[in-house]
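Take a look at the structure below.
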Amino acid sequence: MALLTASTKARAREAAKSIGGSLIGAATVGMLRTTRYFDPVKTSDFFARMTRLIGPRLREHRIGRANLTAAFPEKSPEEIEQILMGVWDNLGRVGAEFAHMDHVWDYDRENPNKGRIELPRRSVELFDQIRDDGKPALIFASHLANWELPALAAVAHGLDAAILYRRPNIASADRIIQEMRQVNMGTLIPAGRDAPLRLAQALKDGKHVAMLIDQYLTGGVEVTFFGRKTRANPMLARLLRQVECPIHGVRIIRLPGGRFTAELTEEVPPVRDAEGRIDIQGTTQAITSVVESWVREHPEQWLWLHRRWR
């Protein structure tokens, strides 16, 4: 009887989890579809107010505070809290903007100052260069400002892009998110066992492969981030060892009024070992250091809400 009871309880928990996931998925779908009918700037302001109100009550706020205190020991508690409120503000805006993703990237070369996107002249030149040089490229980005925008930037500037992304755990939410992401985002490759093979093949086919590289990865290679040891995903460096090509970073900076600056870096030189091969750890550290420099400039726009050091 005890075994039957335990089994029944386990089934009940699974059923409750499934129902809960379905409800969350349905709510996500409804929210995203509804949000598309409202003014994107006003919606962004509303979502930001909500996350600033709710965020400090969540466990992630404590994680963010611990991360920021470790990264910026020179800052006062008041400064840390101010940055954290900026993090919640940015996160709310990202959620609102996701529903309007097909309209956010409106950069026009003929009228570069009239849209929501600013692009420095050198970044335009670099986009053209990697589009026309006949080579594949590896492009990294981070969870800064709106981290969906680098994929839009790549395709908008004519790059044949393959984008690594992580599927949501809830199937119904995954479907609508994929629908929205497929608008001008190139080939989407979900993270999984076959992702490295598919990404390597994309490079061999001459595509520009892009990925986010700034979160902790259990089993990743050791790197230093803000002076502390952590682990990072070495996938970009491992792909580079298979197909040597240029590496560039893309960062997005949020501006007032629902506007953004997008910057493409100069080529980031890989680190090589004594035999001339790509050094996996050294190259992963090189791109991690680029991300750190970005975050130091705009710490309130980075996603500090996950445990970066463990």
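The values are calculated or read from the model by the stated rules, or taken from the named source; none is laboratory data. Model, not experiment: these values are computed from the prediction. As a convention, Cβ positions derive from the backbone with ideal geometry for all residues, glycine included, and neighbour counts pool all protein chains shown. The accessibility values were calculated without ligands, DNA or RNA, using every heavy atom of the protein model including side chains. Shrake-Rupley method; radii C 1.70, N 1.55, O 1.52, S 1.80 Å.
Couple of notes before you dig in:
- Condition check for A162: at pLDDT below 95, open to solvent by less than 20 Å² (accessible area, probe 1.4 Å) and either part of a strand (DSSP E or B) or basic (K, R) (or both): yes
- Restricting segment 124-138 to residues that are open to solvent by 60 Å² or more (accessible area, probe 1.4 Å) and of a type in the set (D, E, K, R), the residue that is farthest from K204 (Cα to Cα): E125
- Total residues in segment 264-273, condition crowded, with 18+ Cβ neighbours inside 10 Å and either assigned to a helix (DSSP H, G or I) or not aliphatic (A, V, I, L, M) (or both): 2
- Scan of segment 186-237 for residues that are of a type in the set (D, E) and open to solvent by 70 Å² or more (accessible area, probe 1.4 Å), ordered by number: D194, D205, E222
- Only one entry of R121, R59, R116, R109 meets the criterion of being of a type in the set (K, R), in contact with a strand residue (DSSP E or B) (Cβ under 6 Å, 6 or more places away or on another chain) and open to solvent by 10 Å² or more (accessible area, probe 1.4 Å), and that entry is R116.
- Evaluation of R33 against the conditions (1) closer than 23 Å to N146 by Cβ; (2) modelled with pLDDT of 60 or more; (3) basic (K, R) shows that the sole unmet condition is (2).
- In segment 220-249, the residues that are part of a helix (DSSP H, G or I) and over 19 Å from T265 (Cβ atoms): R238, R241, Q242
- Failed item in (1) surrounded by fewer than 22 Cβ atoms within 10 Å (Cβ to Cβ); (2) closer than 23 Å to R238 by Cβ; (3) basic (K, R); (4) touching a strand residue (DSSP E or B) at 6+ places or on another chain (Cβ under 9 Å), with R259 passing the rest: (2)
- Segment 274-299: number of residues that are aliphatic (A, V, I, L, M), closer than 26 Å to L84 by Cβ and open to solvent by 40 Å² or more (accessible area, probe 1.4 Å): 0
- Conditions (1) touching a residue at least 24 places away in the same chain (Cβ under 8 Å); (2) assigned to a loop (DSSP other than H, G, I, E, B); (3) open to solvent by 60 Å² or more (accessible area, probe 1.4 Å); (4) of a type outside the set (G, A, S): number failed by N146: (3)
- Filter pass, G55 being part of a helix (DSSP H, G or I), under 14 Å from L303 (Cβ atoms) and without any contact (Cβ under 8 Å) to a residue 40 or more places away in the chain: yes
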